[in-house]
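The next block holds one structure in the form of C-alpha cells; read it before the comments.
Only the coordinates and a few stated rules stand behind these numbers; no lab work does. From a predicted model like this one, the values you see are computed outputs, not experimental measurements. Positions of Cβ are generated from backbone atoms using ideal geometry, with glycine treated the same way; all protein chains shown enter the neighbour counts.
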C-alpha cells in the first residue's frame, strides 16, 4: 500500500491506496474515483504504519481492499460508510475535535 501525509498547522490528511490501483480511474454511473499518483503515491507502508497514521489523522482518503481493511481494523472507518465504484472500495474520514 502507498501512504502519503499532508500536514498543516491544524490538520493531518492521510491518503492511503492499494498499490495495484494507484494511478487509475474508475467510473460507475455519475461517480468517478480518480486515484492520482500525485495525491496517493507516497511511501510504501506496512499495515501497522498505516493504522498509526490513520489514528493520528484529522482527515483521510482511503481506497482499495487492503487499505480499507486497515482503516476499518483500526476503527477510523465505519464499514457502513464505504462506497464502491466499479467494485473498488473508497471511504473518507474527518475527525472533529471539540475544545471545552
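For a quick size check, give me the Cα extents of the chain along its three principal axes, largest first, whole Å.
Principal extents (largest minus smallest coordinate, Cα): 44, 27, 24 Å.
For helix 47-56, report the angle its Cα long axis makes with the longest principal axis of the Cα atoms of the chain; keep it between 0 and 90° and round to the nearest 10°.
50
Can you sort 8, 81, 58 by how many other beta carbons sit within 10 Å, fewest first? Don't skip to the answer; put the middle values down first.
Values: 8 8, 81 11, 58 16.
With the fewest neighbours first, 8, 81, 58 line up as 8, 81, 58.
Exposure proxy check: 82, 77 ranked by fewest other beta carbons within 10 Å?
Values: 82 15, 77 22.
In increasing order of surrounding Cβ atoms, one gets 82, 77.
Consider a paramagnetic label point 7 Å from the Cα of residue 58 along Cα→Cβ; state which residues of the stretch 5-20 have an amide N under 17 Å from it.
Residues passing the 17 Å test: 5-15.
Sorted from fewest to most neighbouring beta carbons within 10 Å, what does the list 36, 18 look like?
Numbers: 36 13, 18 20.
Going from sparsest to densest Cβ surroundings: 36, 18.
What percent antiparallel are the DSSP beta bridges of the chain, to the nearest 5? Don't jump to the answer; show the numbers that get you there.
On the way: 20 of 25 bridges.
Of all bridge pairs located within the chain, approximately 80 percent are antiparallel.
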